[in-house]
1. Step through the table entries A:164/B:64; A:84/A:230; A:84/A:190, compare each Cα-Cα distance with 22 Å, and write down the pairs that go over it.
2. For region B:110-126, list whatever residues lose no less than 50 Å² of accessible surface once every protein chain is in place, relative to that chain by itself, with the probe at 1.4 Å.
3. Quick one: pull the percentage of alpha-carbon pairs in chain A with a separation above 28 Å.
4. Accessible area per residue for region A:24-242 in Å², computed with a 1.4 Å probe and the full protein assembly in place, what is it?
5. What whole number of Å gives the distance from the Cα centroid of region A:169-243 to the Cα centroid of region B:48-119?
6. Run the numbers on region A:185-226: which residues show a drop of 40 Å² or more in accessible area, chain on its own versus all protein chains together, using a 1.4 Å probe over heavy atoms?
7. Quick one: putting +1 on the C-beta of Lys and Arg, -1 on the C-beta of Asp and Glu, what dipole do you get for chain A around its Cα centre, in Debye to the nearest 20?
8. In the full protein assembly as shown, how much of residue A:235 is accessible to a 1.4 Å probe, in Å² to the nearest 10?
Amino acid sequence: MRKAGLGLIAGLGAASGILSNPLFERVSASAWASSPKQPGRRWGMVIDTRRCPEGCTTCLDACRRSHNVPTFSDPRRQVEWIHKEDGRALLGTACATKQAIPALCNHCAEPSCVRACPTDSIFRRKDGIVAIDYHRCIGCRSCMLACPYGEVSFNWSDPRPAIKEPTPEYPTREQGVVEKCSFCSDRLKKGLEPSCSSQCPEGAMTFGDLNDPKSAVSRLLGSNETMRRKPELGTEPSVFYII
Amino acid sequence: MMHKNTLIGLVIVAMLAAAAYLATGAETRDASPAADSGTADSTVCIYPKEYMQTHHMQVLADWKEHAAHEGPDAFMKTPDGRRFQKDLATCLGCHDNNRFFCFSCHNYANVKPNCWNCHISPQDLP
């Protein structure tokens, strides 16, 4: 009897735990507005998947071109700062669309890659960008293991010969170094928007300051229900999806 | 009557003087940020030439840490009041007029820094 009672209590506890921790999260405007925030700027992005055309790779190409991202043919050695993946794989079963939607580094408020990095080469900047100091990276790939989104890539071989359209505007990386999306911090410094969002022909990607209630991203978050990737992990991504 | 006219005249003169003063003030204020941004003066480096010859590696190491971590906020102020964005592009903004600037010394001293493994070397540019 005692055992059964305990089991019942445990079962109820587990069930309530599951119910209170749904596998997806809809970010409603009021919930987002009332959530605790760090002061200052926090760059973020809202991707409107309804306006993202199937088969279009403009954002991926723009990113590759502007940051000297190498193209390796071997899928296991691919280096990507942004890629397209089907919606259900990205956002879970709650996402009805199977259409391929862009996925990039989420620039989490609680980034697990930063915790995993033994040399402090990945760090979160004051403006919310999770950046890599490539000078310090020792290529241990702890961040790749830690990132629940798989958005960090490793250069297994010298990336320079694999860059298809090199640009002198941005440095390359070298063998044995990880790389990922930097929210175009180099372009932000010049007052430009990230290359993916600025070149999207449909205007599906909106970039801006999540902490500024007047910014375009905040207005979109206010007028739409959005989803984030794996919110149950508590990493607080800065990339939102309108389904 | 006379007295009133002189008063008005004095007021006009004072206003003109104030306008002239403010106008010059505005001009100097406009000019200073341009000088501050450190884009122009390529005749003087951030430190004296002799210091840079012996210590540029320490300066660059410090700049790279700050540039990577602080991004747009990474600025350096020289003792004579000029401001520079900490960025390799700031160095190359002046020093790339000679594409052998880094290499002639490094080759002579047989030093092989790994800067150009990732950064685009001036020699790689067309």
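1. As for pairs spanning more than 22 Å Cα to Cα, those are A:164/B:64; A:84/A:190.
2. Hits at the 50 Å² cut-off: B:117, B:118, B:120.
3. 35 percent
4. Value returned for region A:24-242: 46 Å² of accessible area per residue.
5. 31 Å
6. When all protein chains are present, A:189 each give up 40 Å² or more of accessible surface.
7. 500 debye
8. We get 10 Å² for residue A:235.
The values are calculated or read from the model by the stated rules, or taken from the named source; none is laboratory data. Note that this is a predicted model, so its numbers are computed, not measured. Cβ: placed from backbone, ideal geometry, glycine included. Neighbour counts: every protein chain shown. Surface accessibility is based on the protein's heavy atoms, side chains included, excluding ligands, DNA and RNA. Shrake-Rupley method; radii C 1.70, N 1.55, O 1.52, S 1.80 Å.
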